[in-house]
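Chemist: Once you've had a glance at the structure underneath, I'll fire off some questions.
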Amino acid sequence: MGKDVIVACDFPSAEKTLAFLDRFAQCERKPFVKIGMELFYGAGPDIVREIRQRGHRIFLDLKLHDIPNTVKKAMSVLRDLDVDICNVHAAGTVAMMKAALEGLTRPDGTRPLLIAVTQLTSTDQEALEKDLWIERPIDQVVMHYAKNARKAGLDGVVCSPLEAAKVHEACGADFLAVTPGVRFADAGADDQKRVMTPAEAKKIGSDYIVVGRPITAAEDPVAAYERCVKDFVDEA
Ligand code: C5P
């Protein structure tokens with residue numbers, strides 16, 4: 001898989017999501033779509049099938065985290081939805097990530113890509129120490145979790161674009177860095193703390209950027225999407 005822009009469809013219903021995707025009907029490139037918890041829990045697996053049937057690639061962002069056996073069984077259900085990328089929390093341990101991979105692998109050996117969330121970008125150093133009792137610097141924790149994901153056989157991690165280069169250095173160039181926190185230079189950051197433009201994310205080595213509000217809340221979402229593609233995928 002090459003570089004691509006993944007559109008975070010953070011909508012509360014199937015109707016809103018499909019109406020949004022209808023706007024891209026004339027677009028030459030079909031957006032790669034991220035389905036998160038809100039939409040999945042609200043609309044159920046049928047929304048995944050519907051978007052798939054429309055020909056979109058899908059990142060199913062459900063961030064599984066439970067005992068290995070439960071995660072393995074849940075993944076074996078998700079694998080039949082035929083999505084392109086699934087994810088888990090690296091905090092679930094190497095054993096849990098290995099079990100996830102087993103559950104996701106079909107009898108013929110094929111499977112969606114599996115990536116891990118290292119530390120959520122909403123967790124800062126203070127929360128790490130006070131709430132989680134993890135006393136190391138957060139960037140070291142992120143890198144340790146990324147290495148654990150690699151050890152478990154996963155394909156990459158979700159991380160801040162600022163960490164993408166370090167992840168590649170520690171885990172190899174083929175280990176995917178999927179990065180949210182992307183904003184256009186001429187726009188606000190919303191609640192994202194550390195942001196980069198699509199062009200900067202490309203330069204630093206992100207493999208996929210996950211973009212939500214800069215596209216979904218734009219006056220012209222198709223133009224905003226095409227701008228991301230131009231800056232992140234097309235330009236040398
Ligand atoms: O609207 P915005 O571009 O900020 O959306 C980013 C998307 O990436 C959201 O769906 C958000 O949940 C997700 N995400 C994130 N930071 C993480 C992991 C996921 O922003 N660390």
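Chemist: Given a 1.4 Å probe and the protein chains all in place, what does the accessible area of H89 round to, in Å² to the nearest 10?
Modeler: Taking all protein chains as shown, H89 has close to 40 Å².
Chemist: Across the Cα atoms of segment 126-236, what radius of gyration and what greatest pairwise Cα-Cα distance (Dmax) are found, in Å?
Modeler: Considering segment 126-236 through its Cα atoms, Rg and Dmax are 15.4, 45 Å.
Chemist: What lysines does K130 reach when the alpha-carbon gap must be under 30 Å and sequence neighbours fewer than 8 apart in one chain are set aside?
Modeler: Leaving aside lysines fewer than 8 places away in the same chain, those within reach of K130 are K63, K98, K147, K151, K166, K193.
Chemist: To continue, here is another question. Can you pull the percent of Cα pairs in segment 1-146 with separation above 19 Å? Numbers along the way, then the final one.
Modeler: Working: 6086 of 10585 pairs.
Of the Cα pairs, 57 percent sit more than 19 Å apart.
Chemist: Keeping the other protein chains in place, figure out the carbon and sulfur percent of the accessible area of the chain, with a 1.4 Å probe. Intermediate values should be presented prior to the final figure.
Modeler: Working: 5860 of 11580 Å².
Reported share for carbon and sulfur atoms: 51 percent.
Chemist: Determine the order of R194, R29 by accessible area, beginning with the largest, at a probe radius of 1.4 Å.
Modeler: Numbers: R194 120, R29 80 Å².
Accessible-area ranking of R194, R29, largest first: R194, R29.
Chemist: Would you work out which of C171, A224, T123 lies farthest towards the positive end of the dipole of segment 90-236? Charges go on Cβ: Lys and Arg +1, Asp and Glu -1.
Modeler: Comparing the listed Cα positions along the dipole, C171 ranks first.
Chemist: Going 7 Å from the Cα of W133 along its beta-carbon direction, which residues of segment 86-116 have the amide nitrogen within less than 15 Å of the resulting point?
Modeler: The answer is none, because no backbone nitrogen lies closer than 15 Å to the label point.
Chemist: Accessible area per residue of segment 68-164 at 1.4 Å probe, in Å²? Provide the component values of the computation, followed by the final result.
Modeler: Details: 4590 Å² over 97 residues.
Ligands and nucleic acids excluded, the result is 47 Å² per residue.
Chemist: To continue, here is another question. Return the tail of the calculated pair distribution for segment 37-115, meaning the percent of Cα-Cα pairs more than 21 Å apart. Write down the numbers at each step before the final one.
Modeler: On the way: 720 of 3081 pairs.
Tail of P(r) above 21 Å: 23 percent of Cα pairs.
Chemist: May I ask you to compute the full-extension gain from R29 to Y41, defined as 0.36 nm times their residue separation minus their alpha-carbon distance, rounded to one decimal in nm?
Modeler: Details: separation 12, 0.36 × 12 = 4.32 nm, distance 2.77 nm.
That works out to 1.6 nm of additional length.
Chemist: Could I ask something else about it? Take every Cα pair under 8 Å in segment 1-147 that's 6+ residues apart, average their separations, divide by the length, and report that relative contact order as a whole percent. Numbers along the way, then the final one.
Modeler: Numbers: 206 pairs, mean separation 25.2, N = 147.
In percent, rounded to a whole number, it is 17.
The values are calculated or read from the model by the stated rules, or taken from the named source; none is laboratory data. Remember, predicted model here, so these are calculated numbers, not experimental data. Positions of Cβ are backbone-derived with ideal geometry, glycine not excepted, and every protein chain shown enters the neighbour counts. Please note that ligands, DNA and RNA were not included when accessible areas were found on the heavy atoms of the full protein model with its side chains. Shrake-Rupley method; radii C 1.70, N 1.55, O 1.52, S 1.80 Å.
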